[in-house]
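**Q** Dropping a structure here in structure tokens format, bear with me for questions.
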Amino acid sequence: MPKISRLFALALTAGLCISQAQDLCPQYMLDSAMVVNVEGRFVNAQMNRTSLDIEWRHHPESLDTFFVNFPHQNSVMFVSAGDSRYEIFRSHNVKRQLGLHHLRETLGDTPLKLDDLELLANGLFLCQDSTKSKKIFSTAFSNMWYSMVVDTLPQPQKVVMRGARREARTFTVGAWKDFAGATLPTLVTLSGPNYSGNLWVRSAYPIETQKGDPIVENAQKNPFRRPTLFRKTLVDGKREIPLILKLNQEFLRE
């Protein structure tokens, strides 16, 4: 490709990204700093039983951190700041920088994807088209999941997600529960083309940030995010935070 053509393609891509970023309408499950503990049990595509435990530390104005533990694999820490992310293999303290294409990778041998954590943390969805149903959501960036359809809001009982390689999956919510003012699904059944499983929210409680949280402190010491980021989403300016907790279509993604 001629040099001029390559430059034009890059400029066009950058323009599309900027335009897309200006049309983001994040959907968050949590609007305050909280710790959420989740347990998952699955039968994966290889017909093996697998499981994980996740401690999700959500910071609306800073980094989100997920501590992921497996019974027979090394634990992993996934950190997302909206426009950048990395994971740390805790047994060897090895840090791996991640691009958007890495979000299609699975968490260990489970059916869950890194993109599930990314969507939980940042709620990266495009603004709704006024001509379309408000129950259909499109992700802002083509990582793994491209769309999510819910049966009702704000507490859906069924969520269908579709994504790369025509993969589709369904989340069925058994119950919703209030955790210190945050309404979360307590029992979720997951089913895909060749896997199934269950997710339980064991506990959720506020983070006492006034006592000093090392995740927040490290973010303040290393401000690698752009100053125009709002709640880790590529949006300029300030926006009023909704009082009612909204579904972060990330957790129940397709």
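**Q** Using only the alpha-carbon atoms of region 85-180, report the extent along each of the three principal axes, biggest first, to the nearest angstrom.
**A** Here the spans come out as 47, 32, 25 Å, largest first.
**Q** Could I have the simple spin-label model distance between ILE207 and LEU100, label points 7 Å from Cα toward Cβ, reported in nm to one decimal?
**A** So the label points at ILE207 and LEU100 sit 2.6 nm apart.
**Q** Another question, if that's okay. Tell me, in nm to one decimal, what length is gained between ALA175 and GLU55 on full extension, where the rule is 0.36 nm per residue of separation less the Cα-Cα distance?
**A** Details: separation 120, 0.36 × 120 = 43.20 nm, distance 2.03 nm.
The span from ALA175 to GLU55 would gain 41.2 nm if fully extended.
**Q** For each pair in LYS95/LYS177; LYS95/LYS134; LYS113/LYS158; LYS95/LYS135; LYS113/LYS135, compute the distance between the two Cα atoms and list the pairs where it is over 31 Å.
**A** LYS95/LYS177; LYS95/LYS134; LYS95/LYS135
**Q** Cβ under 13 Å from SER75's Cβ, SER75 left aside: what net charge do those residues give with Lys, Arg +1 and Asp, Glu -1?
**A** That sum, taken over residues with Cβ under 13 Å, equals -2.
Quick note: the coordinates plus some simple rules give every number you see, no bench work behind them. If you're wondering where the values come from, they're calculated on a predicted model, not measured in any experiment. When we count neighbours, we look across all protein chains shown, and the Cβ atoms used for this are built from the backbone with ideal geometry, even at glycine.
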